[in-house]
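Everything on this sheet refers to the single structure shown next.
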Amino acid sequence: MDILAQLFWTFLKVNLLSTSGPASVGLLYHEAVGKFVTEQQFVQAVGLSSVLPGSDALQLAMYVGYAAGGTLGGLVALLASILPPTVIILGVTTILHRLRRETWVSSFVEGLAPAISVLMVFTAWKIFQKGGDTGWFGWSLGTASFIAMWFKLPERVVVVIAGIIGVIFLSS
């Protein structure tokens, strides 16, 4: 199958199953690594997309699409990524507008929060495990980043500082 068609169907599937956002990173990892990008490229793309402004999932889609199929591949992956959430949100908005007074709707939304949180923790753990052989230094940097975010430092600042520290201390 043509690479552009593969990119389209892969990102369509990922975004139909996870509707973009942080939850899609774990699924995209399984779908893209080894097929479109290497594991190291994916981990670097996740780090870079965390620093850049905008949606991490869309930036990952463009990166993977570009790595696999050039500029056109990036655009195809982006289109396939924004199509499902757009259609789903339009449909859900229409339905919720009719059901907005029902109490089960707010309970349903409250029930999603813990599940999404756990999914994000598992995805972060997988990425951290595969992030390279940094040993105790990587664990220390991860712990320091966690503490910094606990004290409400902006996430992007913490990620940029961790990247700079990585360049300084992990460069061979």
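The values are calculated or read from the model by the stated rules, or taken from the named source; none is laboratory data. The structure presented is a predicted model; accordingly, all values stated were derived computationally and were not measured. No Cβ is skipped: glycine too gets one built from the backbone with ideal geometry, and neighbour counts run over all protein chains shown.
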Q. Does at least one position in the stretch 60-68 carry a residue that is surrounded by 15 or more Cβ atoms within 10 Å (Cβ to Cβ) and in contact with an Asp or Glu (Cβ under 7 Å, 6 or more places away or on another chain)?
A. no
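Residue-by-condition table, conditions (1) without any contact (Cβ under 8 Å) to a residue 60 or more places away in the chain; (2) in contact with a His (Cβ under 7 Å, 6 or more places away or on another chain); (3) surrounded by 12 or more Cβ atoms within 10 Å (Cβ to Cβ); (4) of a type outside the set (A, V, I, L, M):
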| position | (1), (2), (3), (4) |
| --- | --- |
| Val43 | no, no, yes, no |
| Gly47 | no, no, yes, yes |
| Val109 | yes, no, no, no |
| Met120 | no, no, yes, no |
(Q) Can you pull out every residue in the stretch 133-172 that is farther than 18 Å from Val51 by Cα and touching a residue at least 24 places away in the same chain (Cβ under 8 Å)? (A) Thr134, Phe137, Phe169, Leu170
Q) Do you know which residues across the stretch 71-90 are under 19 Å from Leu17 (Cα atoms) and either at pLDDT 90 or above or of a type in the set (A, V, I, L, M) (or both)? A) Val76, Ala77, Leu78, Leu79, Ala80, Ile82, Leu83, Val87, Ile88, Ile89, Leu90
Q. Of Ile95, Ile88, which residue is in contact (Cβ under 8 Å) with a residue 60 or more places away in the chain, surrounded by fewer than 18 Cβ atoms within 10 Å (Cβ to Cβ) and not small (Gly, Ala, Ser)?
A. Ile88
**Q.** Residue that is without any contact (Cβ under 8 Å) to a residue 40 or more places away in the chain, assigned to a helix (DSSP H, G or I), under 25 Å from Gln40 (Cα atoms) and within 21 Å of the chain's Cα centre (by Cα), where the choices are Gly65, Gly70
**A.** Gly70
